[in-house]
């Protein structure tokens with residue numbers, strides 16, 4: 001398991017094999033491919049990448065998972081959060097944000113477990 005901690009406290013924990021390479025970078029709101037769905041305010045975003053044998057993986061190998069974990073900023077506790085994934089193939093290749101099943105933890109974080117890589121965003125209502 002590889003844990004990547006970003007400067008803002010967000011994390012990605014990836015179940016990788018030895019030799020795999022993983023990276024996570026914070027994405028500012030203006031760098032996102034589109035605005036979040038209506039009613040959602042940007043809180044944070046990251047792009048997760050995993051490489052195996054020099055090839056960028058869009059899906060993790062069978063049986064492997066990643067946990068995307070966003071920290072809840074002070075002042076936003078108790079609000080309604082959602083994690084979105086940018087699906088570049090949606091809408092005939094135009095792309096769209098897809099809401100994922102996220103969990104608010106007792107540790108002040110919002111998390112989702114996935115089997116794919118890409119851009120993830122935390123929104124708040």
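Can you confirm whether segment 80-93 contains a residue that is assigned to a loop (DSSP other than H, G, I, E, B), at pLDDT below 95, surrounded by 11 or more Cβ atoms within 10 Å (Cβ to Cβ) and touching a strand residue (DSSP E or B) at 6+ places or on another chain (Cβ under 6 Å)? No, that holds for no residue. Can residue 3 be described as more than 23 Å from residue 98 (Cα to Cα) and either in contact with a helix residue (DSSP H, G or I) (Cβ under 7 Å, 6 or more places away or on another chain) or modelled with pLDDT of 90 or more (or both)? Yes, satisfied. List every residue pair whose Cβ atoms lie under 9 Å apart, where the two residues are 6 or more positions apart in sequence or sit on different chains, the first residue falls within segment 78-95 and is at positive phi, and the second residue, located anywhere, is assigned to a strand (DSSP E or B). From segment 78-95, the pairs are 95/86; 95/87. With the structure loaded, tell me whether residue 60 is farther than 23 Å from residue 125 by Cα and surrounded by 18 or more Cβ atoms within 10 Å (Cβ to Cβ) or whether it fails that test. Considered against the rule, which asks whether it is farther than 23 Å from residue 125 by Cα and surrounded by 18 or more Cβ atoms within 10 Å (Cβ to Cβ), residue 60 comes out as yes. Cβ-Cβ distance below 6 Å, separation of 6 or more or different chains: which pairs start in segment 31-58 with a residue that is touching a residue at least 24 places away in the same chain (Cβ under 8 Å) and end on one that is part of a loop (DSSP other than H, G, I, E, B) and exposed (fewer than 13 other Cβ atoms within 10 Å of the Cβ)? From residues that are touching a residue at least 24 places away in the same chain (Cβ under 8 Å), the pairs are 39/125. In segment 105-123, of all residues being at pLDDT 95 or above and within 16 Å of residue 32 (Cα to Cα), the one that is farthest from the chain's Cα centre (by Cα) corresponds to 123. Check segment 43-52 and report whether any residue there is surrounded by fewer than 16 Cβ atoms within 10 Å (Cβ to Cβ), closer than 19 Å to residue 125 by Cα and either modelled with pLDDT under 90 or in contact with a strand residue (DSSP E or B) (Cβ under 9 Å, 6 or more places away or on another chain) (or both). No, that holds for no residue.
No other residue among 96, 102 is farther than 23 Å from residue 5 by Cβ, touching a strand residue (DSSP E or B) at 6+ places or on another chain (Cβ under 8 Å), surrounded by 15 or more Cβ atoms within 10 Å (Cβ to Cβ) and at pLDDT 90 or above apart from 96. Would you be able to say whether some residue in segment 15-22 is surrounded by fewer than 16 Cβ atoms within 10 Å (Cβ to Cβ), without any contact (Cβ under 8 Å) to a residue 24 or more places away in the chain and within 24 Å of residue 105 (Cα to Cα)? Looking for residues that are surrounded by fewer than 16 Cβ atoms within 10 Å (Cβ to Cβ), without any contact (Cβ under 8 Å) to a residue 24 or more places away in the chain and within 24 Å of residue 105 (Cα to Cα), one finds none in segment 15-22, hence no.
The values are calculated or read from the model by the stated rules, or taken from the named source; none is laboratory data. Source: prediction; values computed, not measured. Note that each Cβ is placed from the backbone with ideal geometry, even for glycine, and that neighbours are counted across all protein chains shown.
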